[in-house]
Amino acid sequence: MEQAAELDQFGLTEPEVRHALGKVKVRDVDYADLYFESCVSESVSMEEGLVKRAVKSVSQGVGVRATAGEKTGFAYSDELTRRDLEIAADAARYIAQSPQGAEPLPVTHRARPQRDLYPVETSIAEVATKDRVELLNLIDAEARRYDPRIKNVMASFNTEYKRVVVATSEGLMIGDVQPLSRLQVTCIAEENGNRQSGTFGGGGRIGFAFYRELDRYIRYAREAARQAILNLGAVDAPAGVMPVVLAGGWPGILLHEAIGHGLEADFIRRKTSAFTNLLGARVASEVCTIADDGTLPFRRGSLNMDDEGTPTSRTVLIERGILRGFITDRLNARLLGIPLTGNGRRESFQSIVLPRMTNTFMLAGESDPQDIIRSVTRGLYAVSFGGGQVDITNGKFVFSASEAYLIENGAVTRPVKGATLIGNGPEILTKVSMVGHDLTLDEGIGTCGKEGQSVPVGVGLPTIRVDEITVGGTGRP
Amino acid sequence: MRQELDLKELTGDMLAKATQHGASGADVMVADGDTFSVQVRLGAVDRLTKAREKRVGLRVFFGKRSASASTSDFSRESLDRLVSDTCALAAAVAEDEMSGLPAGDLMAHELPDLDLYDPTVLDTAAQIELARRAEASAMAADARITNSEGSDFNSSAGRVVLANTHGFLGEHRSSSFAMSVSPIATDPDSGGMQRDSWYAVQRKFARLDSPESVGLEAARRTVRRLGARKVTTRRAPVIFDQETAGSLLANLCSAVSGYALYKGASFLIGQLGNRLAPETVTIYDNGRLPGGLGSRPFDGEGLPTRRTTVVERGILASYLLDTYSGRKLGLASTGNASRGVGESPSVGPTNFYMVPGTADPSEIIRSVREGLYVTELIGFGVNMVTGDYSRGAAGIWIKNGELAYPVEEITIAGNLTRMFADIELVGNDLEFRGRIACPTIKIGEMTIAGN
């Protein structure tokens with residue numbers, strides 16, 4: 001296993017960090033922390049059969065934060081000298097009422113995460129660029145071989161290697177090394193002036209070998225090509241209210257948008273979520289149990305520790321339809337007096353910590369997926385989605401299908417394009433009447449945006465039947 | 001304030017080193033700046049953020065091979081590593097016939113002062129007070145405003161320096177001041193909540209709307225959503241307000257990007273010179289509007305910015321291009337290279353807007369017997385390849401030419417090609433609140449899905 005990230009990699013010593021923490025942790029400050037981060041990311045991309053672009057980015061810096069009551073003071077610097085730390089500390093503690101009265105800090109406790117969820121032998125960043133280039137070239141060939149109507153293939157390989165150290169005013173000093181990568185393929189198909197696209201990909205906190213195992217990269221290429229070709233023959237999506245069957249895997253984005261965001265503790269504390277005051281209430285049908293779990297090995301949304309040094313965990317959000325828990329970071333757990341779940345996350349040292357999801361999924365049920373489809377007389381079968389969005393205050397969410405079919409008399413028939421689903425978060429899961437036994441996690445391409453910060457996440461879902469949801473297409477109902 | 005780095009020397013050194021490594025051409029971009037933001041919630045400070053940032057990016061060409069890299073570490077050792085890493089990366093990629101710097105004689109010579117920089121520095125207390133006033137005005141505007149996601153005030157200033165091996169060296173400074181408020185209203189009968197927001201953003205502090213007016217508008221937009229219901233599925237006229245019309249224009253802007261076009265990923269391929277919209281629609285991209293939020297004297301490759309007529313009286317007159325995408329399409333750059341530090345250029349708008357028409361927004365609403373006035377769009381249901389459009393919407397239902405009641409949990413769907421062709425009215429209310437701006441517009445008919 002790789003050495004855990006240590007302070008000396010940032011050219012700083014423990015006394016220097018304690019000194020800065022001491023400056024921030026004045027009497028009125030409840031909690032302060034320093035977040036050191038160094039990140040190397042690389043992107044190689046291909047189009048028109050050529051790997052034309054390679055981009056590398058190196059960044060490092062420190063975020064200094066102080067919280068007092070509900071207030072947060074935050075400053076960051078991309079310089080890591082003792083003096084820059086002090087300037088940032090002074091800025092962060094400004095939020096304290098009386099920025100005087102330093103308090104003694106507890107003895108530093110150097111720790112390592114208890115788990116190693118992503119023991120990557122060789123990070124992809126260390127794999128020669130030419131090996132990645134070769135894989136992209138193979139993908140191009142595979143996608144074009146799939147069907148001559150594939151006219152362009154765009155593929156990109158993004159990798160990131162992040163080292164972080166968190167030092168808190170409670171004396172904790174803990175580090176983690178977080179690899180992350182993603183391989184994504186988009187194909188454009190063309191026939192008689194009709195042009196359509198298809199996208200597929202995967203990734204996680206994994207090594208380069210992952211993409212070759214089980215010929216994953218070949219599958220990504222074929223899936224993207226298949227979707228593009230399929231869409232050439234797709235008809236306009238229907239419009240109106242109808243039953244919808246969601247396939248397992250990536251359609252779990254429904255849970256992320258419709259439920260997950262509304263259960264993030266910052267919205268709950270501010271009473272701005274449609275789920276405020278619903279703890280213990282029924283928000284889903286009996287067959288629905290939903291968890292957020294940051295401890296799944298190698299998954300894109302997983303972390304050994306969150307960005308406050310708290311171990312990640314498995315949190316049951318909804319148990320057999322009853323709302324059981326929220327997603328918390330330190331600040332909001334403390335203010336709400338609820339358990340700390342290890343979901344305090346930030347995009348980088350330049351952003352503040354927010355409660356964010358990790359891997360969010362519904363547990364498997366008992367229905368046979370084929371029976372679920374057979375149960376629908378007329379409706380939609382949605383297999384894959386583009387993106388989704390939610391208004392957490394009124395609970396309305398939407399998401400757009402990238403691969404969907406009509407269900408007619410219990411059978412999957414024609415592919416449809418341009419289907420958008422819209423619904424109400426607190427209501428939608430009460431309309432889930434069947435849950436399949438086929439829980440599938442997504443391929444590892446999800447990125448969640450909140451307050452302008454992007455973080456990697458995972459989702460998962462078994463095949464489920466939603467009795468009614470509004471489908472927004474242009475076709476006939 | 002931080003001590004200013006001598007960027008002229010720094011960029012010159014890096015270009016020289018890249019050349020020593022054998023690069024046939026290179027450019028260096030440096031950005032640095034300070035930002036300060038405050039967030040106030042329910043009258044109290046919720047968050048203060050202070051930051052200074054800098055970044056340097058290098059792009060090298062070895063004949064037809066190219067790569068880019070960037071770092072935030074300006075130490076000599078780090079910059080040397082940046083040069084050697086970038087050169088090594090370039091060796092790993094394929095030759096690309098169209099790659100390379102723009103021709104040297106095309107570089108911007110005159111760099112006009114576009115009035116983009118305001119040296120005003122607001123202290124912490126002043127910024128907190130501005131945010132507080134904006135939120136207080138929203139909270140006091142209506143008894144149904146019961147809560148708030150807070151009010152933000154953000155100020156930033158910075159500079160961008162670009163240099164290349166043609167000897168181009170350009171620098172420009174800019175600043176921005178932005179304020180936003182997100183109140184929450186509760187329906188006294190049902191207890192249902194709604195949130196909306198309003199904002200103001202300017203390069204000059206003195207031109208910013210008053211906090212009170214921003215707060216009042218935020219409250220007005222929030223309260224009018226209370227009691228929203230669904231409507232039944234049907235086809236009907238749809239009026240896009242300034243904000244949602246702006247998002248529609250942003251979709252068009254993506255479709256005229258040279259990159260989307262040469263990749264085959266735009267519904268406007270091969271449409272140059274064809275009718276896109278009625279005569280009443282003219283769209284410009286103008287990089288030289290004084291004080292404009294998208295203005296800049298030179299683009300991400302050092303070419304002069306300019307005014308490009310994208311749609312002239314309904315005819316698609318120009319795409320937006322940088323050097324590379326222009327070469328791919330056999331066209332000249334329009335000075336729209338847009339670029340993050342250390343990235344290769346892509347195409348971006350400067351100030352992209354539809355020329356205002358003559359109709360007052362209230363007249364446009366009166367012209368609809370039954371239809372939707374859309375004030376919010378959510379989700380990502382726009383397919384750039386086909387133009388298929390289906391997004392979640394909220395707004396106000398129009399009955400007999402009047403705004404009757406709020407609606408939500410519906411979608412509006414169509415196809416961008418048909419939607420632009422079907423623009424029936426263009427409002428007289430163009431206002432810039434970002435780089436893309438559009439007056440109120442009316443589209444003849446779209447599919448609305450609800451109950």
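Data overview
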item: Filtered residues of region A:130-183 (kept if under 26 Å from the mean Cα position of the chain (by Cα) and either without any contact (Cβ under 8 Å) to a residue 12 or more places away in the chain or part of a helix (DSSP H, G or I) (or both)); result: A:Arg132, A:Leu135, A:Leu136, A:Ile139
item: Which numbered condition A:Ser59 misses (of (1) more than 10 Å from every other protein chain (Cβ to nearest Cβ); (2) out of contact with any helix residue (DSSP H, G or I) (no Cβ under 9 Å at 6 or more places or on another chain)); result: (1)
item: Scan of region B:16-43 for residues that are surrounded by fewer than 23 Cβ atoms within 10 Å (Cβ to Cβ), more than 27 Å from the chain's Cα centre (by Cα) and hydrophobic (A, V, I, L, M, F, W, C), ordered by number; result: B:Ala16, B:Leu42
item: Condition met for A:Ala88 (crowded, with 21+ Cβ neighbours inside 10 Å and touching a helix residue (DSSP H, G or I) at 6+ places or on another chain (Cβ under 7 Å)); result: no
item: Residues (farther than 12 Å from A:Asp292 by Cβ and not in a loop (DSSP other than H, G, I, E, B)) located in region A:340-364; result: A:Gly344, A:Leu354
item: Hey, B:Ala228 hydrophobic (A, V, I, L, M, F, W, C), buried (at least 21 other Cβ atoms within 10 Å of the Cβ), in contact with a strand residue (DSSP E or B) (Cβ under 7 Å, 6 or more places away or on another chain) and over 16 Å from B:Ile448 (Cβ atoms) or not; result: no
item: Considering residues of region B:40-94 that are part of a loop (DSSP other than H, G, I, E, B) and more than 8 Å from chain A (Cβ to nearest Cβ) only, the residue farthest from B:Glu135 (Cα to Cα); result: B:Gly63
item: Qualifying residue in region B:422-441 (condition: within 30 Å of A:Thr186 (Cα to Cα) and assigned to a strand (DSSP E or B)); result: yes
item: Hits in region B:140-154 (condition: away from chain A (no Cβ under 14 Å) and hydrophobic (A, V, I, L, M, F, W, C)); result: B:Ala140, B:Ala141, B:Ala143, B:Phe153
item: Criterion (surrounded by 19 or more Cβ atoms within 10 Å (Cβ to Cβ) and away from chain B (no Cβ under 14 Å)) met by exactly one of A:Pro251, A:Pro238; result: A:Pro251
item: Residue check, B:Val201 in contact (Cβ under 8 Å) with a residue 24 or more places away in the chain, out of contact with any Cys (no Cβ under 8 Å at 6 or more places or on another chain) and not in a strand (DSSP E or B); result: no
item: So A:Ser302, is it modelled with pLDDT of 95 or more, assigned to a loop (DSSP other than H, G, I, E, B) and of a type in the set (Ser, Thr, Tyr); result: yes
item: Counted residues, region B:3-52 - those being among the aliphatic types (A, V, I, L, M) and within 26 Å of B:Ala125 (Cβ to Cβ); result: 7
item: Leading residue by the ranking (surrounded by the most Cβ atoms within 10 Å (Cβ to Cβ)) among those in region A:373-391 that are more than 8 Å from chain B (Cβ to nearest Cβ) and of a type in the set (A, V, I, L, M); result: A:Ala382
item: Test result for B:Arg159, out of contact with any helix residue (DSSP H, G or I) (no Cβ under 6 Å at 6 or more places or on another chain), within 30 Å of B:Ala26 (Cα to Cα), touching a residue at least 40 places away in the same chain (Cβ under 8 Å) and not assigned by TED's automatic domain parsing to the domain that holds B:Thr323; result: yes
item: Wholly within region A:365-433, strands (runs of 3 or more DSSP E) carrying at least 2 residues that are at pLDDT 95 or above; result: A:378-390, A:396-408, A:411-417
item: Residue within region B:97-115 that is within 14 Å of chain A (Cβ to nearest Cβ) and of a type in the set (Gly, Ala, Ser) present; result: yes
item: Number of the condition not met by A:Val245 [criteria: (1) within 29 Å of A:Pro339 (Cβ to Cβ); (2) crowded, with 24+ Cβ neighbours inside 10 Å; (3) among the β-branched types (Val, Ile, Thr); (4) away from chain B (no Cβ under 14 Å)]; result: (1)
item: Criterion violated by A:Gly171 - all others in (1) away from chain B (no Cβ under 14 Å); (2) surrounded by fewer than 23 Cβ atoms within 10 Å (Cβ to Cβ); (3) farther than 30 Å from B:Ala51 by Cα; (4) at pLDDT 85 or above satisfied; result: (3)
item: Hey, B:Ile184 crowded, with 16+ Cβ neighbours inside 10 Å and in contact with a Lys or Arg (Cβ under 6 Å, 6 or more places away or on another chain) or not; result: yes
item: Residue match in region A:316-330 (condition: crowded, with 21+ Cβ neighbours inside 10 Å and within 14 Å of another protein chain (Cβ to nearest Cβ)); result: yes
item: Residue in region A:258-271 that is in contact with a helix residue (DSSP H, G or I) (Cβ under 7 Å, 6 or more places away or on another chain), within 14 Å of chain B (Cβ to nearest Cβ) and in a loop (DSSP other than H, G, I, E, B) present; result: no
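Condition check ((1) within 14 Å of another protein chain (Cβ to nearest Cβ); (2) within 26 Å of B:Thr124 (Cα to Cα); (3) in a strand (DSSP E or B)) across all residues:
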{"site": "B:Ala163", "(1), (2), (3)": "no, no, yes"}
{"site": "B:Gly170", "(1), (2), (3)": "no, no, yes"}
{"site": "B:Met179", "(1), (2), (3)": "no, yes, yes"}
{"site": "B:Ala185", "(1), (2), (3)": "yes, no, yes"}
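The values are calculated or read from the model by the stated rules, or taken from the named source; none is laboratory data. For clarity, every value in this text was computed on a predicted model and none was experimentally measured. Cβ sites come from the backbone with ideal geometry, for glycine too, and all protein chains shown count toward neighbours.
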